[in-house]
Amino acid sequence: MSHSLHFFTPSNLTAPKQSLPKPSYNRWFPVTSLSPKLISIKASTSADPNSSTTSPRVLISDNGTGAGEILSFTPQEYDTPPSQSFLSDSSSIDVDAVTEVELKENGFRSTRRTKMVCTIGPATCGFEELEALAVGGMNVARINMCHGTREWHKRVIERVRRLNEEKGFAVAIMMDTEGSEIHMGDLGGASSAKAEDGEIWTFSVRAFDLPRPERTINVNYDGFAEDVKVGDELLVDGGMVRFDVIEKIGPDVKCRCTDPGLMLPRANLTFWRDGCLVRERNAMLPTISSKDWLDIDFGIAEDVDFIAISFVKSAEVINHLKSYIAARSRDSDIAVIAKIESIDSLKNLEEIIQASDGAMVARGDLGAQIPLEQVPSAQQKIVQICRQLNKPVIVASQLLESMIEYPTPTRAEVADVSEAVRQRADALMLSGESAMGQYPDKALAVLRSVSVRIEKWWREEKRYEAMELPAVGSSFSDSISEEICSSAAKMANNLGVDALFVYTKTGHMASLLSRCRPDCPIFAFTSTKSVRRRLNLQWGLIPFRVSFSDDMESNLNKTFSLLKARGMIKSGDLVIAVSDVLQSIQVMNVP
Ligand SMILES: Nc1ncnc2c1ncn2[C@@H]1O[C@H](COP(=O)(O)OP(=O)(O)OP(=O)(O)O)[C@@H](O)[C@H]1O
Ligand SMILES: CC(=O)C(=O)O
Ligand SMILES: [K+]
Ligand SMILES: [Mg+2]
């Protein structure tokens, strides 16, 4: 068992349309030693009689220590039955229909690296609307269990699945839990309620008769009237509407509106005393409520790709959920995303992110729990920690808020989107803009064009941020993978290659490459549909589903010919290929 790191550097490497000599491994001689116990680097010269060029190469082998063992790999184990329209046999390759067109028309450099998550709501739940979002580049569809019924969400999931099967998309599904923070009721079915300056409103835990009496709001938290005090300030949605608490009568809390505005169903409520967020008994509310557990069971049964947990306070809840999922779901490959939106989560940030499979900067509620001016630095910090810990990160909420009503964004919104792209977040998320806005497709188009523009500008300016990427794995094999990926990404930038190819069973090696944020796109080949969908959230990855073996030569030949046949690559394109099948790096022109 050996780890081979092959650097093929034949002299004709940059010359397009010339086929390379077949690699040969048979004449080895030691050059130097990395770690005397485990690794020696060896170089050899190609002795291919059919080749007119000599190709010097460096190979690293672990001298048979067996560290980083290569797992046996049978693609059939992982395959799910192919759909009728998209046959996934061993001779085919599945790629996102939109990416395929983009690659064919504009080439590698044009592909968008930042991924897009769209919240699905009444404006986008139909098959045609979902298709329009997929065509517009939606990578992940988010369903928010705060709203709608499970039956409603089930139908959305079915439609997204049908879209993937029939039209060749790989849109992943993220289920977002409600969480048990304090929020308003559903307004008895009304789409919003308008509070005017000076009006007196009643907030209460008691259920009001329908139709809802004027100026009443139902609150979900039993301890509300006890915890709140006369003189407190009550904020709806982090300050979109503000009230002063003026009187308590049993379960009813009378409040005077001081900042008028529109209140949306189930809007978040916080109360503040002497400039501080009041967290009495509500600080003890469980992160995952009993309703959330039922929703999670639903998500597992529906085999969603991601479960996002609202108001995470500690790493324990993530660990608990992960073991719950592992015990219940067949392959336990549902990724758990920690939503960072409470004060407590900021205190335990690293632990929480480490325990999770990714994080979301949920700026909506976060901005209701910390002063607004602290949200940008919190975002920057969360994005940075996620990259260091190799976890995908989503920047969410109000990116294009004005586009709920207007067809063009504000300049400030474009600047906000640009900043998230510049920070190299994995993904940006639309909330109300796609769930209930008037211009979901236009909002998505703005995310897309701003992302592509900023990414291109950043590459052209050669602005690489000097970010330390610490080791994340614990085993020697992990370290090898990390070194391979950071070297490959660096080589890709220095050599100006067209694309990185990664052959990955679990997706881990692809995520390690993505973490380096290289200049070129990363083609990630994996044999399972679920891994492919999951990789769709990560920066710069173009996930393909293809069956492959542990023979890298044949994997490369197979993918080259499949991609060439579909017009997605051409002879002469310069590619660096890495794999977790063989832990190797190869540099080559497409034959
Ligand atoms: N499934 C749905 N059915 C009806 N309306 C929805 C649905 N999903 C979202 N919405 C609407 O879109 C708005 C924005 O969605 P979003 O997911 O950001 O919700 P939110 O209530 O702000 O909660 P969260 O903090 O979880 O994001 C919601 O306030 C709601 O009005
Ligand atoms: C997305 C979300 O939950 C928030 O911004 O609060
Ligand atoms: K939610
Ligand atoms: Mg929230």
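Bear in mind that the values in this text are calculations on the coordinates, not laboratory data. Computed from a prediction, not measured in an experiment: that's the story for all the values here. With ideal geometry, Cβ positions are generated from the backbone for all residues, glycine too; neighbour counts draw on all protein chains shown.
Data overview
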quantity	calculated
Segment I343-K490, length gained on full extension (0.36 nm per residue, minus Cα span)	49.2 nm
Those chymotrypsin sites (Phe, Trp or Tyr not before Pro) in the stretch 229-314 that DSSP places in a loop and that have at most 16 other beta carbons within 10 Å	none
The stretch 187-283, relative contact order [Cα under 8 Å, separation at least 6], %	33
Extended-chain gain in nm, criterion 0.36 nm per residue less alpha-carbon gap, K167 and V135	10.5 nm
Spherically averaged projected area of the stretch 236-288 from its Cα convex hull (nm²)	4.8
Value in Å of the Kirkwood radius, where the stretch 243-362 supplies the Cα pairs that are averaged	16.6
Förster radius 30 Å - calculated FRET efficiency between E280 and R150 (Cβ-Cβ, nearest 0.05)	0.40
Rg and Dmax of the stretch 439-529, Cα atoms only, in Å	15.4, 50
Distance histogram in 5 Å bins (all Cα pairs of the stretch 432-482, percent per bin)	4, 16, 11, 10, 10, 12, 14, 13, 7, 3, 0
Mean Cβ neighbour count within 10 Å, used as a protection proxy, ranking 114-122, 160-168 highest first	114-122, 160-168
Pairs from K167/K529; K462/K564; K194/K254; K313/K347; K115/K570 whose Cα-Cα separation, in the structure shown, is over 18 Å	K462/K564; K115/K570
Protection proxy ranking of 313-321, 394-402 - average other beta-carbon atoms within 10 Å, highest first	394-402, 313-321
Alpha carbon Rg of the stretch 202-254, scaled by the compact-globule rule 2.2 N^0.38 Å	1.10
Q380 versus F298: modelled label distance in nm, points set 7 Å from Cα along the beta carbon direction	4.0
Estimated translational D of the stretch 189-307 in µm²/s (Stokes, Kirkwood radius over Cα pairs; 20 °C; 1.002 mPa s)	137
Residue-span extension gain [E196 to E461] - 0.36 nm each, minus C-alpha spacing	90.5 nm
Stokes-Einstein diffusion coefficient of the stretch 286-326, Kirkwood radius over Cα pairs, 20 °C, 1.002 mPa s, in µm²/s	203
For the stretch 164-170, 3J(HN,Hα) per residue [Karplus equation, 6.51 cos²θ - 1.76 cosθ + 1.60, θ = phi - 60°, Hz, x = Gly/Pro]	4, 5, 7, 10, x, 9, 10
Förster radius 35 Å - calculated FRET efficiency between E226 and S475 (Cβ-Cβ, nearest 0.05)	0.10
